[in-house]
Amino acid sequence: MTTVYHACPQFVGTHYSLRLVASADAQDLLAVYSDPRAVPLFNSDNCGGDDFHYTTLERMQAAVAYWLAEYAEEGFVRWSIIANKTQTVIGTIELFHREAAGYFTNCGVLRLDLRSDYERTEAIAEILALIVTPAFSSFDCSQVATKAVPAATERIAALQGAGFTATAEQLIGHHDGTAYGDYWVRRV
């Protein structure tokens, strides 16, 4: 059986496309991960203290290498988000299947990192439309969960439009049992 880890799907929309992150994306991604307005909106829950604020090309290259190693080990998939008009990488989406005790089991956890000038409801809605529905079968899950902090008003509007609802449930970290909030969930 072909899985997302053996043949990573690509998704093409009107304005944005998704494909497996590549080493060559590091320069464009540095503009995302060094953006001080974007970083506070990223989901670094359960990531061992990494806040995803990278300010050198070398650090960004190391992150991309790690993401590709995790893909090879079937830990998670990190897609690059490409603006079709300019062919610029303007962010990433990570997805993985999570099994855990409690609410966030049999769950696809989605992390969306966008350059701040693309943190707009319309852009986020189009990007989510490319990935959310296929995530249920690709990651064999009954729900998809993503984080949106209260300050992420454009993201929250896009999530609501895409059928996500806020949950008061806390995601409990695997590493140290830390409880994380501000999650939105969409079920099959």
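The values are calculated or read from the model by the stated rules, or taken from the named source; none is laboratory data. From a predicted model like this one, the values you see are computed outputs, not experimental measurements. As a convention, Cβ positions derive from the backbone with ideal geometry for all residues, glycine included, and neighbour counts pool all protein chains shown.
Give all pairs with beta carbons closer than 6 Å in which a residue from the stretch 73-85 that is touching a residue at least 40 places away in the same chain (Cβ under 8 Å) and within 22 Å of residue 107 (Cβ to Cβ) meets a residue that is part of a strand (DSSP E or B) and among the aromatic types (Phe, Trp, Tyr); count only pairs at least 6 apart in sequence or on separate chains.
Final answer for the pair search is 81/16.
Identify, from the list 38, 22, 63, 83, the residue that is over 19 Å from residue 132 (Cβ atoms), in contact with a helix residue (DSSP H, G or I) (Cβ under 9 Å, 6 or more places away or on another chain) and buried (at least 21 other Cβ atoms within 10 Å of the Cβ).
38
In the stretch 124-188, which strands (runs of 3 or more DSSP E) lie fully inside it and hold 3 or more residues that are touching a strand residue (DSSP E or B) at 6+ places or on another chain (Cβ under 7 Å), in contact (Cβ under 8 Å) with a residue 24 or more places away in the chain and within 23 Å of residue 90 (Cα to Cα)?
Qualifying strands (runs of 3 or more DSSP E): 143-147.
Exactly one condition in (1) over 24 Å from residue 132 (Cβ atoms); (2) within 17 Å of the chain's Cα centre (by Cα) is false for residue 27; which is it?
Unmet for residue 27, out of (1) over 24 Å from residue 132 (Cβ atoms); (2) within 17 Å of the chain's Cα centre (by Cα): (2).
Just one of 133, 167, 178 is within 17 Å of the chain's Cα centre (by Cα) and either surrounded by fewer than 18 Cβ atoms within 10 Å (Cβ to Cβ) or within 13 Å of residue 41 (Cα to Cα) (or both); which is it?
Step by step, each of 133, 167, 178 is checked, and only 133 is within 17 Å of the chain's Cα centre (by Cα) and either surrounded by fewer than 18 Cβ atoms within 10 Å (Cβ to Cβ) or within 13 Å of residue 41 (Cα to Cα) (or both).
Does the stretch 105-123 hold any residues that are assigned to a loop (DSSP other than H, G, I, E, B) and in contact (Cβ under 8 Å) with a residue 60 or more places away in the chain, and which are they?
Passing the criteria: 115, 119.
On the given criteria, is residue 45 in contact with a Lys or Arg (Cβ under 9 Å, 6 or more places away or on another chain), modelled with pLDDT under 95, surrounded by fewer than 22 Cβ atoms within 10 Å (Cβ to Cβ) and under 19 Å from residue 146 (Cβ atoms)?
Against the criterion (in contact with a Lys or Arg (Cβ under 9 Å, 6 or more places away or on another chain), modelled with pLDDT under 95, surrounded by fewer than 22 Cβ atoms within 10 Å (Cβ to Cβ) and under 19 Å from residue 146 (Cβ atoms)), residue 45 qualifies.
Can you find a residue in the stretch 22-39 that is within 29 Å of residue 150 (Cβ to Cβ) and touching a Cys at 6+ places or on another chain (Cβ under 7 Å)?
no
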